[in-house]
Amino acid sequence: MTERLSPPSLSRRHLLIATPAAATAALATTAGLRPARGAGSPNDGGDITFLIDSLGGTWIPNNSAISSFQGHIWGHVTDKLIYVDADGKISPWIAERWEQNDTATAFTLHLKQGVTFSDGTPLDAPAVVANLDIWYAGRRNEGINPIGLFPKTYDHAEAVDAATVKVFFKVPTLGFIPTLGYHGSILISPKTIARPAARQANLGKTSGSGPYLVDSWKEGDFVRLVRRKDYNWGPPAVGHTGPAFLDSITYKLVAEQSLRVSAVQSGQADIGYSPPPLELQSLKEAGFTVATPRYLGFVNGWAINTKLAPFDDVRVRQALQAAINRQEIIDTVYTPDWKLAESFIQSNVPGATDHRELLAYDPARAEKLLDAAGWTKGAGGIRWKDGKPLSLTLHANPYLATSKAVGELSAQQLGRIGWKVAIRAYDVVTFGEKVRFNSPTVPAYEVTRSFIDAGTVASILTDANNGEDWFGLGESDPKINELRDRIAGAGSARVRDPLLDELQKYVLEQGYFIPLTQIVQRIYVQNPKLKGEVYNGIAYASYYTATKSTA
Amino acid sequence: MRNAYRAYAAKRLVQAVVVILLAYVLTFVVVSILPGDPITSVLRDPQNGFTEAEIQEIVAAQGLDKPIPVQLWTSLCHFLTGDLGLSMRSSRPVATLIAEVLPSTLVLASAGLAVALLLAAALGYGSQFLPKRFGQGFLRGFPALFLSVPNFVIGLVLIHLFGFQFGFFRVLDPDSVRATFFAAIALGIPVSAQIAEVLIANLDHESRQEYAAVARGRGLGPTRLFVRHLLKPSSLPVVTVIALTIGELLGGSLITETVFGRTGIGSLVQRSATSHDLPVLQAVVSLAAVVFVLVNLIADLVYPLLDPRVKLIGDHRPRPAGADESAADTSGAVTP
């Protein structure tokens, strides 16, 4: 039986790729070419269907909030304390205002009053404290995980009165406020939080305070959300605070990529998630709305393991940096919607600076660096040193559909200057087991990670304070150590920004991180009748403000 | 006779329990050997940013770092008391998950079986009575054709043709009657091939018998001859084949469900297999073993009703006297 598991999806894909020509012809006469009507007054009502490649695993809020898939549903069912827009600008939401002390170790949040969860519980200070506590600690023996990127420096929080919360940290934590707008920081009713894990996993019984309620759901199939009529506390930044316009949103799992696109083309669905990037241009030309929002976070690129030879040699890393033709990646694998990397963090992150000159394609320089490092060209154009070929094993990141294609193109580029590149592709589970930062078999870990606050970078640089040590440096690079401590300890953005700039320059110069492109992990193709959706700082689409014309 | 039946049934029941337990243990061992589990793979999502030390700590807090034999023993004890446990992937009770998806699979499998039986009967009828010039030989080639076209290909063609092109059914509403009908066709076609093969061979055999010649001599039309005289004696080995195709139906529904986007046992298995969700896989495999064993048991017990010549002989196995020996030998999974 297991032998028959894998072939269908493969062959099916091939068949589906072959057939759309006929399908497109039929579709062009129906939905595709119908012109979109000019927007009049927002019309209330309407139902939309969002086709998604997965609905994740568990629905325990803490374990699923950061999921690239489930995050869409949580974004409609729950609210956050802070709103972060696509440019990383933070603005009030459930927290109307906030103050911090000079050292960024104590924060006071002033909450909006009159907000309730869908089970009737008020969203007040004690409820916020309960959420902060479970984000930080989870309930590990029950299988409720902490929120991954919630500051590990959290000490405790207390409710001063019904609408005021004081939050304390062990050390300066400038990133706290932005993190409240991160997709992990969703506010859940304390009644739900108090339940055991197995009952939290029942999405239908979970209460948030968001503009939509879970009407019905079936695991691995669909989630249907309906509008909450008394909702009146949307984020002012999106220009609307009352109830949502659309009556219902149905997230329907359709695992097959081309089926999602065909269904939107034929008018059977309104939004298709993760269409193939190379189809976007023709979809646009056929009149469909295409969205490629960038999230705030790291760019797509390789974190280099400096413990592994030959990447312990700075010249080899610099050669790698210069040998990648980033423009060719965008031209070949992506579309002009993708942007060149300017640093190792996305250019829309506040604090990101432009270092494109360090990422220029310069194969001559790369060859010179490799020559100087003692890697000489041998038979077949491969470089050798001490009887060993210059090799690099890439592991395609299963969280990014285009990863393998980008890897193959980079392999060609590197091959031209004498690099022998192998590519391995694993499924998500095996990848998680075998491919890790600075593991002895992984010279380059392909990064796909969002964050809200640039201060997060301090936690990946070294192994100090439980850091992730992406580059395998440990404490060996004093300059990195110094920048890490000063960034982590900064009490204001004014102090921190120059330090971040210095760090970005240094990491790129040293070839610790090899950026490929700015990442677009969430791609949407949409029926042009649907308008007014908003993409937040983590590139999730919110249909809270959206309307659908019936014409 | 009745005592022999009871002893036979009891023996088969014990064998069934052993098969199910073995299936349970084997699933555990196979899945445990594979690297990774749903809990750590969630923790290792790059969005989470947990360090290896934190992951190990969380895993240990849930007792997942215990040795495999200990975990197997715990899970087996729960299983024997009827507790299927919680899914590692979704944290929801396994029994709930199965109850959620079982109806959809039952509907599809029975509709698929109905399609397969109708098709097989039609092919059988045609193989005997369709005039040669209208392609009887061609028709006889159908089972081989059906068997060699995988059902996902049939499914995709049906979806594109009838779902997208002609709009006979909504692809996004796979549980609707119309969509189920087309899914049942995709599932039923390959299954019908095996049944038709055996049916045609037996019809050929029976129609050469003297009683058939006599019936024809009495002026019986093809339909009456087929239904009243040929079908019953020809269907004895077919019952065995139908019982065996239950496996095909279960396996085929897994693929058909994926192709048509139905949420049934198939999609549950697929999700659980890709994430190595042990408790769900064990429960589903045991369930499949139960179904398979039961269906074959029923098939064996149905024999005497179809053919009075079937006797329970010394070793308590039913043997259709005079019928094709090879058909009897493949009569079930529990043949020792």
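Please treat every number below as a calculation from the coordinates, not as lab data. Quantities reported herein were computed from a predicted structural model and do not represent experimental measurements. With ideal geometry, Cβ positions are generated from the backbone for all residues, glycine too; neighbour counts draw on all protein chains shown.
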About its Cα centre, the protein assembly as shown carries a charge dipole, from +1 on Lys and Arg Cβ atoms and -1 on Asp and Glu Cβ atoms, whose size in debye to the nearest 20 is 2760 debye
Between B:Phe138 and B:Val177, what FRET efficiency follows from the Cβ-Cβ distance if R0 is 41 Å, with the result rounded to 0.05?
0.80
Stretch in chain B that is longest and holds no trypsin sites (Lys or Arg not before Pro) that DSSP places in a loop and that have at most 15 other beta carbons within 10 Å
B:1-169
Work from the charge dipole of the stretch A:81-210 (Cβ charges, +1 for Lys and Arg, -1 for Asp and Glu, about the Cα centre) and give the residue of A:Ala201, A:Ile82, A:Thr153 farthest towards its positive end.
A:Ala201
Unit charges at the beta carbon, dipole of chain B: most positive-side option, B:Ala23, B:Ser267, B:Val115
B:Val115
GNM top mover of B:Leu106, B:Leu244, B:Leu281 - chain B, alpha-carbon springs below 10 Å:
B:Leu106
Compare B:Gln165, B:Gln71, B:Gln136 in a GNM of chain B, Cα atoms joined below 10 Å, and give the one with the largest fluctuation.
B:Gln165
Angle between the Cα long axis of helix B:177-207 and the longest principal axis of chain B, 0 to 90 degrees, nearest 10?
40 degrees
If R0 = 22 Å, then A:Arg494 and A:Thr164, at their Cβ-Cβ distance, give a FRET efficiency to the nearest 0.05 of 0.20
What nm value, rounded to one decimal, do you get for the distance between A:Glu509 and A:Tyr361 when each label is placed 7 Å out toward the C-beta?
2.6 nm
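Quick one: work out Rg over Rh on the C-alpha atoms of the stretch B:67-117, Rh as Kirkwood radius.
1.21
Can you give the relative contact order of the stretch A:60-166 as a percent, counting alpha carbon pairs under 8 Å and 6+ residues apart?
So the answer I get is 24 percent.
So if we plug the beta-carbon distance of B:Val17 and A:Leu278 into 1/(1 + (r/R0)^6) with R0 = 60 Å, what FRET efficiency do we get, rounded to 0.05?
0.65
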If you project the alpha carbons of the stretch A:281-408 onto their three principal axes, what span does each projection cover, largest first, in Å?
57, 35, 27
Determine how many Å³ per residue the convex hull of the Cα atoms of chain A encloses.
162 Å³
Exposed loop trypsin sites (Lys or Arg not before Pro) only (DSSP loop, at most 14 other Cβ atoms within 10 Å): please give the longest stretch of chain A free of them, not including the sites.
A:230-551
So which residue, out of B:Ser272, B:Ser90, B:Ser253, gets the largest mean-square fluctuation from a GNM of chain B using Cα contacts under 10 Å as springs?
B:Ser90
If the only charges are +1 at each Lys and Arg Cβ and -1 at each Asp and Glu Cβ, what is the size of the charge dipole of chain B around the Cα centre, to the nearest 20 debye?
1660 debye
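Using only helices, what value at 222 nm comes out for chain A when you add -39,500 (n - 2.57) per DSSP H run of length 4 or more and divide by the total residues, to the nearest 500 deg cm²/dmol?
-7500 deg cm²/dmol
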By the Cα gyration tensor axes a ≥ b ≥ c (a/c under 1.5 gives rounded; else a/b larger than b/c gives prolate, otherwise oblate), the shape of the stretch A:223-274 is prolate
Could you give the longest part of chain B that holds none of the chymotrypsin sites (Phe, Trp or Tyr not before Pro) found in DSSP loops with at most 15 neighbouring Cβ atoms within 10 Å?
B:169-336
What distance in nm lies between label points placed 7 Å from Cα along the C-beta direction at B:Ala10 and A:Glu475?
7.4 nm
Which order results if A:Leu392, B:Leu26 are arranged by neighbouring Cβ count within 10 Å, fewest first?
B:Leu26, A:Leu392
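Where does chain B land at 222 nm, in deg cm²/dmol rounded to the nearest 500, when only DSSP H runs of n ≥ 4 count, each adding -39500 (n - 2.57), divided by all residues? Can you show the working numbers first?
Numbers: 15 runs with 230 residues, N = 336.
-22500 deg cm²/dmol, from helical runs alone.
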log₁₀ of I(q)/I(0) at q = 0.11, 0.25 Å⁻¹ - the stretch A:458-551, Debye sum with one point per alpha carbon
-0.54, -1.26
Treat every Asp and Glu Cβ in the stretch B:133-241 as -1 and every Lys and Arg Cβ as +1, leave all other atoms uncharged, and give the resulting dipole magnitude about the Cα centre to the nearest 20 debye.
480 debye
Cβ-based exposure ranking for A:Val507, B:Val302, in which fewest neighbours within 10 Å come first
B:Val302, A:Val507
